Structure formats: C-alpha cells, structure tokens
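Only the coordinates and a few stated rules stand behind these numbers; no lab work does. Everything numeric in this text was worked out from a predicted model, so none of it was measured. Cβ sites come from the backbone with ideal geometry, for glycine too, and all protein chains shown count toward neighbours.
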Amino acid sequence: MKLDILFEDDHMLACVKPVGVPSQSDKTNDEDMVTIVKNYIFENSDSNEEPYVAMLHRLDRPVGGVMIFAKNKEAAAKLSKQQTDGTMIKYYQAVLTGELPEEYGELSDYMVKDKKTNISKICDKSVEGAKKAELTYELLDEFETDEGVLSYVLIELLTGRHHQIRVQMANLGCGVWGDTKYNPKFKNVKKGIKQIALFSSRIELEHPVTNEHMVFKKEPYGKAFDIIELDEF
C-alpha cells in the first residue's frame, strides 16, 4: 500500500490512515499501519536494520485520517509528553445521527473498557479501571434527511480513551453515523458499512527537535461522508 505522507524527516512521520486498515497488528493478521510505515522506511533507507517506529496514537479500524509516528526513541518520548500534557491537539470531524442539545458543548465522563468484548462504556468514577474522558464539540452544519437529523461536527479530543468519541456521542443520544457497535440506529446493520463517519482531520504539535509548531490536515473522504456537503474549517 502506498502511503499518503503529509510530512517526514529523520525524527517523525505524519501520514493518512486509510479506512479499514488497523493501526497496529491484531488477530486478523491484516496489514497494519505500523508495519506499512516500517516497510516504507526500510525500503527508502540504506540501512539493513529494522527501522524504529513508534505509534503515538491509534485510530479505530473503521476510522481514517491523520496519524503521527516517531522514528527514534528521543522523538517518541517528546511527542508522547505532548500527548500527556495536552499540547498535541487533535481534531476530528464526524457526522452524528440526531440533533445536538447545544451548538457548542463540552463532554466530561468516566469510561471503562471491557477487554473481553472490546467495548467501552460510561460509568461512575468509583468503578475499577474508570478513566476520565473529555472532549469539546462544535456544530458545523445540520441536515434534514428522510432518516432524521444529521449533525456535522468538529470535535477536539482532550483525552484519548478507547472508542471515546463513539461512546460519548452515543451517550449524548447522537451516535456516529454508521457505527454498528455503539449507535442504536445501526445496531442491526452488520453488512455494507466498513467506514463510520468519524475522521481524524487535523493534528497540531511541536516538532520534537526544532520545536516548530506544525499542523497536519486531511479533509474527510469516503462513503460515510458523501451523505453531506463538507466545508473546510
């Protein structure tokens, strides 16, 4: 698979993960992003050693968009710190089924992951393993359809919990379009939808060596977003 590379130097690589490709290896043994990036670096290097590649964050398999990889341990440590302290900013665009209560909002919940089912849910903070999940959203547009209202939103992810956006939006009553795992409107739809209307469209960070402020963008694409007219933000 040919990589859609947004930026690359000796320290980091920013690229676009296609819909349907896992971020890292899983039980399906399908080609994953970490392996694809490693192969790309190896094929374009004069070294015979396996390249160092660190995935800084993951995207769910049915989600496409911008991903960041570190190419050495020092860069990985500095970029990971930006994730921890909140200086790495991540924006997503999504189409939700339903009408949001406000045009602007902030969601703060506690979530817990069931490792056996690979499903996360909202819970009380006293539950063992519960982690705080925070995001903000802005309504960009709203569409009336035969199936009901669709809300096109920009989301800033403040924490990185498992399936966070999908879970919190479903809990708000506005699940992600096409999400057969968390959106009740799609629970009985198991075939024909390989992409959900959620896309990592923008990441801002400081370069791990030069400290230059960098912005990587990719507008959403694919069947899930063809149902609306997208505007750049």
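Specify the inter-centroid distance of region 81-118 and region 3-76, based on alpha-carbon positions, in whole Å. When both Cα centres are located, 23 Å separates them. Computed about its Cα centre, the charge dipole of the chain is approximately 1280 debye, with only Lys, Arg, Asp and Glu carrying charge at their Cβ. Panel note: the C-alpha atoms of region 1-71, placed on their principal axes, show extents of 34, 24, 20 Å (largest first).
Placing +1 on the Cβ of every Lys and Arg and -1 on the Cβ of every Asp and Glu, with no other charges, gives region 9-84 a dipole of roughly 420 debye about its Cα centre.
Each principal axis of the Cα cloud of the chain was taken in turn, and the coordinate range along them, longest first, works out to 56, 39, 37 Å. When shorter helices are ignored and each DSSP H run of at least 4 residues is given -39500 (n - 2.57), the per-residue value for the chain at 222 nm works out to -4000 deg cm²/dmol. Its relative contact order, with pairs defined as Cα atoms under 8 Å and 6+ residues apart, puts region 1-40 at 30 percent. Taking the charge dipole of region 4-225 about its Cα centre, with +1 at Lys and Arg Cβ atoms and -1 at Asp and Glu Cβ atoms, the residue from 91, 69, 33 reaching farthest to the positive side is 33.
In the chain, Cα pairs under 8 Å separated by at least six residues give a relative contact order of 19 percent.
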